[in-house]
């Protein structure tokens, strides 16, 4: 399966992180977590409960901040930024092996300056006008499985 990198920037809800970890394991994706978190540590019981026993087999990496992350994973045009503030839909780019897909805080999304600097690789999930956003774990699932669909080899 295609290896995609899921990047969670300052996640707030431990259950979402656990659920996304479980998804990443099942999808053979790598999970990158950017601090600070809105909860304690990723070893917290809520993270583990949502991730079930998959967590110990997951490729998961932690970083102190975005600069720390970029020092190890330099920013390129293969980094995609999920946001409600763009017109490019998540299914329009052609995803490739090792692409990075960023998701922001549940309460605030990704930082505005990050989106402005990377506007060409911003993506969104279509929703009705009255909907502000989807649950973070649901959003990650939608985009990750689109990347897999585009690259799936039987």
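General observations
- Of all residues in region 108-139 being assigned to a loop (DSSP other than H, G, I, E, B) and within 15 Å of the chain's Cα centre (by Cα), the one that is surrounded by the fewest Cβ atoms within 10 Å (Cβ to Cβ): 108
- The single condition among (1) out of contact with any helix residue (DSSP H, G or I) (no Cβ under 7 Å at 6 or more places or on another chain); (2) at pLDDT 95 or above; (3) within 25 Å of residue 14 (Cβ to Cβ); (4) surrounded by 15 or more Cβ atoms within 10 Å (Cβ to Cβ) that residue 103 does not meet is (1).
- Scanning region 96-106 turns up at least one residue that is closer than 17 Å to residue 21 by Cβ and outside any strand (DSSP E or B).
- No other residue among 145, 54 is under 24 Å from residue 18 (Cβ atoms), outside any loop (DSSP other than H, G, I, E, B) and under 15 Å from the mean Cα position of the chain (by Cα) apart from 145.
- Residue 128 fulfils the conditions (1) farther than 24 Å from residue 14 by Cα; (2) in contact with a strand residue (DSSP E or B) (Cβ under 8 Å, 6 or more places away or on another chain); (3) modelled with pLDDT under 95 except for a single criterion, (2).
- In region 6-22, residue modelled with the highest pLDDT [restricted to those that are touching a strand residue (DSSP E or B) at 6+ places or on another chain (Cβ under 9 Å) and surrounded by fewer than 22 Cβ atoms within 10 Å (Cβ to Cβ)]: 10
Residues are listed down the side, and each one gets a yes or a no for (1) without any contact (Cβ under 8 Å) to a residue 40 or more places away in the chain; (2) over 28 Å from residue 153 (Cβ atoms):
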site: 60; (1), (2): yes, no
site: 65; (1), (2): yes, yes
site: 76; (1), (2): yes, no
site: 80; (1), (2): no, no
site: 93; (1), (2): yes, no
site: 105; (1), (2): no, yes
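- Listed by first and then second residue, the pairs linking a residue in region 125-142 that is free of Cβ contacts under 8 Å to residues at least 40 places away in the same chain to a residue that is part of a loop (DSSP other than H, G, I, E, B), with Cβ atoms under 6 Å apart and 6 or more places separating them unless they lie on different chains, form an empty list.
- Which numbered condition residue 85 misses (of (1) surrounded by 14 or more Cβ atoms within 10 Å (Cβ to Cβ); (2) touching a helix residue (DSSP H, G or I) at 6+ places or on another chain (Cβ under 7 Å); (3) assigned to a loop (DSSP other than H, G, I, E, B)): (1)
The values are calculated or read from the model by the stated rules, or taken from the named source; none is laboratory data. Everything numeric here is computed off the predicted structure, so don't read it as measured data. For neighbour counting, all protein chains shown are included, and Cβ atoms are generated from backbone atoms with ideal geometry for every residue, glycine included.
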